[in-house]
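Peer 1: I'd like to ask you about the structure that follows.
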Amino acid sequence: MTGSDYYIPAAVLAIALVVKSPSFWHTWHSPMSKSILVILASSAAGFVFGAPPTIERVNRITGIPNISALIVYCILSCLACGSLVLLIHWRGGAEETIRRHTRLWIAATGVVMATFCVLFSLSDVPIEQQRDFDTFYANTPYVREMIVLYLTAHTATSLVVATKCWRWARELRELQAAWTHWGLVILVTAFGLTLSFALLKFMAVGARWAGTDAWDPLSTDIAPPLAGLGAAMTTVGFLLPVVGPRLGSIWVSWRAYRAMEPLWRALEPFSGPGKPMRIRPTASLEIRAMARSTEIADRLLNLAPHLDTGRREAAERYASSHGCAPDAAIIFAEAATIHAALVAAEASKNAEHAEHAKDEKGEKAAEVAEAARVPASGRTPLTVDGSSAIPTRVSGTNGLARLSIQFSKIHRSGSPVGADRSESN
């Protein structure tokens, strides 16, 4: 792995850290926020300080050969501790139990990191090793014990977290908690990769103890990419249940916003004399979808005198007789009624213009206008009395989105379902 293989994921994690900074600031007293901060920061720092160019630079600045190995060991210990603490709070339970387990893991991590420092200070590692520190010094006193402690702690943490996540994921699958379930599945995979990293390191170190360096590539070439991928997936796994619902809400709002556009545009002539609703450029998609649904509702109020209850009832009977569920039948009936009302309103408008036309073709225009009139017999308009008139039984962004989709289908076909057609079928 080259320097860019480390710095690119570190940059991605740093961006995620910056994006989440306002949230961390507002929820600083939350243990989960602190844990996520530790995970993101330690993941990014692990990539940065594990890169060969950084190792060489840190060793040169401090004047202590291989001090970077100690720094990386401590950073990865913080990552493991943050993951465990977040999982404890994420899982929930009695507050006293959560607090006790959290203190236990933090204290254990502190002891491990202090032990790393003591063993490293007692060791003699004069030759800088940027990529194969573990295998090169596998038989060196004190460093040998530090490596074994690091790999043992790494293995134990990976096993504990992966096991807990797998058990919890199986429970949540039955409860259909999708985002949390998939976050846990990703964490199982992530800590499986970090477990593989530790085992490969153990195998290479064990081979050095046996007197051969033939297995060194397991530690220098295969294990590091697994650790990098595991760290990135760990971050994704913990953030997915937090960010996922928000992304899902944005996606639903975007689909509803786009789906409502045909009906919104068709009702534009009935927007009324008032000023159009102004939406800030920075407004969220949820606000935009809500504003569009409000405008549709307002325009439907203006269209209410043209809506025909007889046509609505006939269309609903037609849809029900063709196997539509009750809610789908209502959507169909409302869409058909709105389409017919718009056609009737347009015909009335054309007729009114034709009646006032005074040219040499006035008589012919009057005949066309008369033919375009919608017969008043059999049509019961929905009048607005100024109180609580409801021109449609469909409301809400999702309901109006479905209504708009059905309206668009009817509008494209050009043949709205009328009372006669519905009853004849």
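Peer 1: Can you list the helices (runs of 4 or more DSSP H) lying wholly within the stretch 10-118 that have 1 or more residues being within 15 Å of V236 (Cα to Cα) and either out of contact with any Lys or Arg (no Cβ under 8 Å at 6 or more places or on another chain) or without any contact (Cβ under 8 Å) to a residue 60 or more places away in the chain (or both)? Spell out the reasoning first.
Peer 2: Numbers: elements: 31-50, 52-62, 67-91.
Of the helices (runs of 4 or more DSSP H) lying wholly inside the stretch 10-118, those with at least 1 residues that are within 15 Å of V236 (Cα to Cα) and either out of contact with any Lys or Arg (no Cβ under 8 Å at 6 or more places or on another chain) or without any contact (Cβ under 8 Å) to a residue 60 or more places away in the chain (or both) span 31-50, 67-91.
Peer 1: Return yes or no: is S253 touching a helix residue (DSSP H, G or I) at 6+ places or on another chain (Cβ under 6 Å), more than 25 Å from L17 (Cβ to Cβ), crowded, with 20+ Cβ neighbours inside 10 Å and not assigned by TED's automatic domain parsing to the domain that holds I36?
Peer 2: Judged against the criteria, S253 is a match.
Peer 1: Give the stretch 57-73 a look and list any residue that's among the hydroxyl-bearing types (S, T, Y) and within 22 Å of R144 (Cα to Cα), or say none.
Peer 2: S68, Y73
Peer 1: Something else now. Among R265, R280, which is the only one that is of a type in the set (K, R), surrounded by fewer than 15 Cβ atoms within 10 Å (Cβ to Cβ), at pLDDT 85 or above and outside the structural domain of P52 (by TED's automatic domain parsing)?
Peer 2: Matching residue, one of R265, R280: R265.
Peer 1: State the number of residues belonging to the stretch 117-144 that are in contact with a Leu (Cβ under 6 Å, 6 or more places away or on another chain) and among the hydrophobic types (A, V, I, L, M, F, W, C).
Peer 2: Final tally of qualifying residues: 1.
Peer 1: With (1) surrounded by 17 or more Cβ atoms within 10 Å (Cβ to Cβ); (2) touching a residue at least 40 places away in the same chain (Cβ under 8 Å); (3) farther than 23 Å from A178 by Cα as the list, and R312 as the residue in question, which single condition is left unmet?
Peer 2: (2)
Peer 1: Separate question: Scan the stretch 120-130 and tell me whether some residue there is of a type in the set (S, T, Y), in contact (Cβ under 8 Å) with a residue 12 or more places away in the chain, over 24 Å from L13 (Cβ atoms) and not in a helix (DSSP H, G or I).
Peer 2: yes
Peer 1: For the stretch 52-79, which residues satisfy the criterion of being more than 38 Å from the chain's Cα centre (by Cα) and polar (S, T, N, Q)?
Peer 2: Answer for the stretch 52-79, where residues must be more than 38 Å from the chain's Cα centre (by Cα) and polar (S, T, N, Q): N59, T62, N66.
Peer 1: Let me ask another. Of the residues G82, G93, G110, only one is at positive phi and either within 30 Å of the chain's Cα centre (by Cα) or of a type in the set (G, A, S) (or both); which?
Peer 2: Details: G82 fails: at positive phi; G110 fails: at positive phi.
Of the residues listed, the single one that is at positive phi and either within 30 Å of the chain's Cα centre (by Cα) or of a type in the set (G, A, S) (or both) is G93.
Peer 1: Quick one: which residue in I186, I127 is of a type in the set (A, V, I, L, M, F, W, C) and within 30 Å of P245 (Cβ to Cβ)? Explain how you work it out, then say what you get.
Peer 2: Details: I127 fails: within 30 Å of P245 (Cβ to Cβ).
Just one listed residue meets the conditions, I186.
The values are calculated or read from the model by the stated rules, or taken from the named source; none is laboratory data. All of these numbers come straight from a predicted model, not from anything done at the bench. Reconstructed Cβ throughout: ideal geometry from the backbone, glycine too, with neighbour counts over all protein chains shown.
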